[in-house]
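Input: a single structure, listed below in structure tokens.
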Amino acid sequence: MTEVVLANKGSLSTANSTAANAVASQPDPDMKGWLLKWTNYLKGYQKRWFVLSKGVLSYYRAEHGAGSQAGGRSAGGKLSIRRRRKGPRAENQAEMTHTCRGTISLHGALIHTVDSCTFVISNGGTQTFHIKAANEVERQSWVTALELAKAKAIRAMESDEEEDDTAANTIPSEELLLVVRDLTLRLENLKTCYDLITKHGAALQRALSELESGEDLTSKTKIVSERATLFRISSNAMINACSDYLQTAQTQGHKWSKMLQHERDQKLHLEEMVEQLARQHSHLEQAAHRHRPNAATSASDDEDNEFYDAQEEGGSVASQEESSFILKIPVAHHRRNSNDATGSSSEGEEGNSETQQVLVVTDNLDNMDVTDRISVSSNQALTPTLSNNNQSTKIVRKRRTRVPEKPNYPLNLWSIIKNCIGKDLSKIPMPVNFNEPLSMLQRLTEDFEYSEILDKAAQCKDTCEQLAYVTAFTISSYSTTSNRTGKPFNPLLGETYECDRTDDLGWRCINEQVSHHPPMAAQYCEGRGWRCWQEFTMTSKFRGKYIQIVPLGYAHVEFPASGNKFTWRKVTTTVHNIIVGKLWVDNHGDMEIFGEKNARGVKCHLKYLPYSYFTRDTQRRVKGVVMDNASQVKWVISGTWDSKIEIAPVTSTSGSVENPVYKTGNFKTAWSRRLPPNDCEKYYNFTVLACQLNEPEPDVAPTDCRLRPDQRLMEEGKWNDSNAEKLRLEEKQRARRREREAEAEQAAAEGRPYPPYEPIWFGKQKEEGTDNLVHVYKGTYWDCKAKQEWSKCPDIF
């Protein structure tokens, strides 16, 4: 239809006709229409033209989308894009392609309904759209269409990955034999058709020659007609055979191209790894040559010498050079709004990249007050504590201090991960050989191993000093990553984990996996004078040489007595030497901890220095400053994330406003790492707390991680049974998801809303001070545990 219209317009050039045909042949969008999108606090909601197509939601400025309003299935109308005139459509579509203001992929996106007209779309941290419809019906139409598009996008991506895996795993020799056999057969058919055409063509030519003699024309005409019919049949057979041959060649050519590209990508990754290994080897040789005179005092690469205790009880390991440093901090005051909370860069907003350089100088290190240095030291292990009530001793449960030793199973690493390069880490079907017998929910609970730092912070009267201890607590959560390279189990949707340590450590927490696409966990913990919660999700990529994990979402701690609340986001973690060499972990990047409520305006800027072979600085170094609401530095943070953190107050300020110099007083230890047992390598390098996390507990919810069979089998050393059980649980989860998708499609076909998955112990609420919808603890878990009321818990194991 389109070609006929364009052929009648002789004024259009061939190039324009080709472009119009290409645009007209594009599939119709799933949904399009006018909506209001939140831009910023100055402009508020602005009118934008939204297009939902192929699992991607795009939006355009009002002046560019006006020509497209007439077509497409909008939220309020039923018009089809094919009813529009072809000329304007091609022009507007081409224009919109160049003026798109933003897109968001629905695969793995979260779709929240805020109120009767407003809904939010977020892909887990990098983008968030706050959208308002004209009425509730229009909002529900969009939400339904978005949910269906999300389900289709997930299915399409999974099918593409399965197709790629199948193509990559095909044995080339068998594939080649099958294709050659097929093409040879079709080539024989072509030769047969050629012989028939030659034979019937010669017969037709003889019949035409005899027709020229002029005798018995009727019979000769009949013969010519028969010969022409046979020639036509042979020609059609030849054409069909050529088409079959061409189609087969094109199909196999496409498959071979994909296989060739796959092999090229793997070759490129291998070349990069070899090149990097060569550079590292050369750098290590140069570094060893430069430091050979100091070899007797240098630290060994052996893991046994990687961590060391302080020189003396309460003494500082910070030298004058280490405790004096230069730090660049952002100039602009941090204001967390709805877009910044998820890392979104919406239109009309520009980031402030200005920084201020400050110099921190430590004064009077030789005359430190040793008694002031002890606050939270390493001798405070996981031991029973005394109750403040009547000075009576609590009855503390005796817990285990280690887990069964790790069996030694051989594993061909490259055969498993060679087809996983470039994929999301959470979607790789890894065997348990790469895991440790803990769930991600239990790893999150390990953040509170040094909860005594928060106990100390709760006693602080000064807000800046309190933030300094909170900063030490955030750093302490990385201490176990220095020698823990096992991958935790990915929690199933609805999986929970409780940890009640009020009898000895003074805190209890509850975790729940609240989303599967993208994976997201919610956590709530309450202790002595503080409460902490977070919504944890992450993005991760496996690049062959390393795995990089970027946490998304924010963590919060609040002290009810003072009304102070502090919020932060974790830094990037990178696992190196995935293919060759010994695995090692590095944490790097900038972290900003900012105050809210009564602590508004107070903030801390931290810098985790990346590991480097050539730096003169201490490896795994962390440095930072705490500033009051007037942006004046009050406390200094210094140390390493795998050993200890020291804090010191600022005693005087000098220098210029642009480049101030801060002198500090005596440092005191805010956190010191408790080293694991010497033989911890035999059981996954677990600390004492890590060994206790998966210990069987009575009366827990039926969805608790302790009851997960594949994880329990791995802890017991039955890895083969654990792998089989892991596959069963994953398939069960996929079956439940397919059931929900089918129910959603049926509800959409019937024109009724389909409620999304709702967690059991956490509910979505608007975050205080922002427009974000976050998962907030409902406060019902411990009451249900006391009553053993688990009827709401799903059957996931």
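Per 0.36 nm of contour for each residue apart, how much would the distance between residue 771 and residue 592 grow if the chain were fully extended, relative to their Cα-Cα spacing?
62.4 nm
For a quick protection proxy, order the peptides 436-448, 562-574 by their average other-Cβ count within 10 Å, most packed first.
Ranked by mean Cβ neighbours within 10 Å, highest first: 436-448, 562-574.
Once R0 is set to 51 Å, what does the formula 1/(1 + (r/R0)^6) return for the Cβ-Cβ distance between residue 217 and residue 136, expressed as a FRET efficiency to the nearest 0.05?
That gives a FRET efficiency of 0.05.
Once you put a point 7 Å from the Cα of residue 752 and another 7 Å from the Cα of residue 651, both along the Cβ direction, what distance in nm separates them?
Result: 7.4 nm between the two label points.
In nm, give the distance between the simple-model label positions of residue 226 and residue 190, each being 7 Å from the Cα along the Cα-to-Cβ direction.
If labels sit at residue 226 and residue 190, their model points lie 3.3 nm apart.
Using a 1.4 Å probe on the protein chains only, how many percent of the accessible area of the range 451-516 belongs to carbon and sulfur?
C and S fraction of accessible area: 41 percent.
Report the gain in length on full extension from residue 247 to residue 743: 0.36 nm times residue separation, minus Cα-Cα distance, nm rounded to one decimal.
Stretched fully, the residue 247-residue 743 segment lengthens by 174.7 nm.
Rounded to the nearest 0.05, what FRET efficiency is calculated for residue 720 and residue 681 with R0 set to 22 Å and r the Cβ-Cβ distance?
0.45
From a point 7 Å beyond the Cα of residue 582 in the direction of its Cβ, which residues of the range 473-494 have a backbone N at a distance under 11 Å?
Flagged as within label range: none.
On the protein heavy atoms, probe 1.4 angstrom, tell me the percent of accessible surface of the range 701-761 carried by carbon and sulfur.
Within the range 701-761, the accessible surface is 55 percent carbon and sulfur.
Between residue 792 and residue 572, what length comes free when the chain is fully extended (0.36 nm per residue of separation minus the Cα-Cα distance, one decimal in nm)? Working shown, then result.
On the way: separation 220, 0.36 × 220 = 79.20 nm, distance 3.61 nm.
Contour length minus the Cα-Cα distance gives 75.6 nm.
With only alpha-carbon atoms counted, please give the Rg and Dmax of the range 519-581, in Å.
Spelled out, the Cα radius of gyration and Dmax of the range 519-581 are 16.1, 52 Å.
Along the Cα→Cβ direction, 7 angstrom out, place labels at residue 116 and residue 500. What is the inter-label distance in nm?
4.3
Taking the Cα centre of each part, how many Å lie between the range 432-498 and the range 110-156?
The range 432-498 and the range 110-156 have Cα centres separated by 33 Å.
Rounded to whole Å, give me the distance from the Cα center of the range 687-720 to that of the range 194-230.
If you average the Cα positions of each part, the centres end up 87 Å apart.
With the calculation restricted to Cα positions, what are the radius of gyration and Dmax of the range 635-677 in angstrom?
For the range 635-677, the Cα radius of gyration and maximum Cα-Cα distance read 14.0, 49 Å.
With a 1.4 Å probe and all protein chains kept in place, how do 198, 99 rank by accessible area, largest first?
198, 99
The values are calculated or read from the model by the stated rules, or taken from the named source; none is laboratory data. The shown structure was predicted, so the numbers you read here are calculated from the model rather than taken from an experiment. Note that we place each Cβ from the backbone using ideal geometry, even for glycine, and neighbour counts take in every protein chain shown. Side chains included, ligands, DNA and RNA excluded: accessible areas come from the protein's heavy atoms. Shrake-Rupley method; radii C 1.70, N 1.55, O 1.52, S 1.80 Å.
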